[in-house]
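Here is the structure we will look at.
The values are calculated or read from the model by the stated rules, or taken from the named source; none is laboratory data. In this text the structure is predicted, and so the values were computed from the model without any measurement. Neighbour counts are summed over all protein chains in view; Cβ atoms, including those assigned to glycine, are modelled from backbone coordinates with ideal geometry. When the accessible area is computed, the model is the full protein with side chains, heavy atoms only, and any ligands, DNA or RNA have been set aside. Shrake-Rupley method; radii C 1.70, N 1.55, O 1.52, S 1.80 Å.
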Amino acid sequence: MTTLGRILVVEDDPNDVELTLIALGEYHLANEVVVTRDGQQALDYLYCRGEFHTRSNENPAVMLLDLKLPRVDGLEVLQQIKTDESLRMIPVVVLTSSHEEKDKMRSYKFGVNAYVVKPVDFHEFVNAVKELGIFWAVVNEPPPGSMKKLP
Amino acid sequence: MLQTAIGPRDPCGGAISGSVTARGERGPDHVGKQVGFARTENSEKKSVTMSDLEEPPRVLESGVGMKRALARWNQQLQRIHSPILRYSLSVACVALALGLALALQHYQFRDVELPVLCLAIAIVTWHAGIGPSVLAILLSTMSFNYFFIEPIHSFAVSTKDLPYFITFLAWGALVAWFSTVSRRIEAGLRLARDRLQTEVEHRAQREDEIRRLNRELAKRATDLEATNKDLESFAYSVSHDLRAPLRHLVGYSELLQKEASSSLDDKSRRYMQTILQSAKRMGNLIDDLLAFSRVGRAETQNSLVSLEQLVKEVVAELREETNGREIAWKVGALPACYGDRSMLKLVLANLVSNAVKFTRMRARAEIEIGCVDGKNNHEAEMFVRDNGAGFDMQYVDKLFGVFQRLHLAEQFEGNGIGLATVQRIIHRHGGKVRAEGAVDQGATFYFSLPNAQDAVERIRHDHTGTHFGR
């Protein structure tokens, strides 16, 4: 018996974090949401090190990744994930303000699973995040190893 | 002076012996005075003798030319510059040769005196020039006459001596000729070397210049690149950082509206609505501005584009807006051209959607898209004509400016960036834009693409051109 996978949100802006959580909450998703505030923290979480060394080591079901982050930026995190044998199967969705061609190109080159530009309009934003959450955390069958085994 | 010296000898070389003897006797008189130009003139006179012997009539065509030729000739012959040294060499050589000849004769070697003296004459001629050479010839002749010709030990001259004298003279002339030729070649080589040297120096200078210009160019390119990078990072941070607070503004306003709208009065609700609208409008402005800046920065990917096909696509995409309206489309034949497809499509999309927008109040809108042949430079000019709101020609300059609008937002929505984008794209393709119109009588927007006509020709000539959708 398995339970729903976690959603890992990597976002430095507290307002964006709140809006994302509200948007995810709108649909009453039962998934556990973990928020990390920069790229370094996100990698610490994925590798179960630092403050996360005690967590159980399953991968998140989906990762919502901002590109502009303090310390280690989103593209570096993405590159690290997609070149690591144990992490590369995690679906990564880039959720960013950037419309820039360059960012899209590089993200897809590194193997991102989806690229979503945060809409200015709040309704659209809520819808986008909601749909992302539903699709990746519920509809999509995540790769084995990203579910928490129930005792 | 020279003329008179040459004059009597001009016609023929008949009196060679007499004239040369007379000359030779005069020669030594000048030895003491041979400084500066005097030396040259003196030597010139002697050289006449030599050239006379070689090719008498041809060299003497004109006095001035002759003078110049002789000066050059004599100069070419003189390798030792001091006159005293030159004449000393002459005397010493003949004396040495004579001593050697007498010594050899003493040891019973016969008939060596002539070659030995010839050798002396050759050395003198080669190294010292014509004056000393003549002196050497005279000395050789005299000593030969005195020591080796019957009657021995007398200067008695007879016609039998003439062959020896002529032999010396001819030999001297021959060596002089060789010497001159060799020196001429040397001079030529030296000249060529000098020329080469100057050429090399010039080239080095030019290369320095080129290097300097290259450095300047490289610096300018670096500056430009830096500016470009600045611009890019500016656009990037606008894209990233400016939109985030805006999104929060909208997001929290909407949340507030949702949570508190029941407790707000109408006025407050209207304020809230205005905040939201303004924020959204700003979002659109930023997006449009970013798109506009991308048009300027993006690399163009050129291919053969059929404008007719693009118009079809654009009109099809506008169907949603044109639904329920009566629009008479009139699309003429359009050329194909080389350009960036997506950019050119943006041009047509902007122009056509403008036409649709500004004909909104017409019961029957007429939109014509076509092509006119340029009158002056055969440049094809495409146009989009409508019978809509039009504009006042006195503001035509503002039409293509960024954020320039000629209508109120209540009348026609828009950011004033569409035509600026059109102009930027067409300029990047090397074309021109212009507009004609009158208030309430519609407007026509023209754009030209410099290679459109070429492409048309190419398609006409090329039978495979049919797959471009014509």
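Checked against (1) open to solvent by 30 Å² or more (accessible area, probe 1.4 Å); (2) of a type outside the set (K, R); (3) within 20 Å of B:I166 (Cβ to Cβ); (4) modelled with pLDDT under 85, B:P151 passes all but condition (3).
Apart from one condition, B:G283 fits all of (1) open to solvent by less than 40 Å² (accessible area, probe 1.4 Å); (2) closer than 30 Å to B:V352 by Cβ; (3) at pLDDT below 80; (4) at the interface with another protein chain (Cβ under 10 Å from one of its Cβ atoms); the exception is (3). Counting the residues of segment A:75-92 that are outside any helix (DSSP H, G or I) and surrounded by fewer than 20 Cβ atoms within 10 Å (Cβ to Cβ) gives 6.
Output the residues belonging to segment A:78-108 that are within 13 Å of chain B (Cβ to nearest Cβ) and among the charged types (D, E, K, R).
A:E100, A:E101, A:K102, A:D103, A:K104, A:R106
When segment A:109-129 is limited to residues that are under 21 Å from B:R243 (Cβ atoms), over 13 Å from the mean Cα position of the chain (by Cα) and in a helix (DSSP H, G or I), the one that is nearest to the other protein chains (Cβ to nearest Cβ) turns out to be A:F122. Total residues in segment B:154-175 satisfying the condition of being open to solvent by less than 50 Å² (accessible area, probe 1.4 Å) and either under 28 Å from B:G129 (Cβ atoms) or touching a Gly at 6+ places or on another chain (Cβ under 6 Å) (or both): the figure is 7.
Count of segment B:255-274 residues, restricted to those that are exposed (fewer than 15 other Cβ atoms within 10 Å of the Cβ) and either of a type in the set (V, I, T) or within 13 Å of chain A (Cβ to nearest Cβ) (or both), is 4. Among the residues of segment B:100-134, those identified as open to solvent by 40 Å² or more (accessible area, probe 1.4 Å) and either assigned to a helix (DSSP H, G or I) or in contact with a Pro (Cβ under 7 Å, 6 or more places away or on another chain) (or both) are B:L100, B:L102, B:A103, B:L104, B:Q105, B:H106, B:L114, B:P115, B:L119, B:I123, B:W126, B:H127. If the condition is being under 21 Å from B:A298 (Cβ atoms) and among the small types (G, A, S), then segment A:75-108 contributes A:S97, A:S98, A:S107. Taking every residue in segment A:31-53 that is closer than 10 Å to A:D12 by Cβ and pairing it with any residue that is open to solvent by 30 Å² or more (accessible area, probe 1.4 Å), at least 6 positions away or on another chain, the pairs with Cβ-Cβ distances below 7 Å are A:R37/A:D12; A:D38/A:D12; A:D38/A:P70; A:D38/A:R71; A:G39/A:R71; A:G39/A:D73; A:G39/A:E76. Looking at segment B:324-339, which of the residues that are touching a residue at least 60 places away in the same chain (Cβ under 8 Å) and crowded, with 20+ Cβ neighbours inside 10 Å is nearest to B:E366 (Cα to Cα)? It comes out as B:P335.
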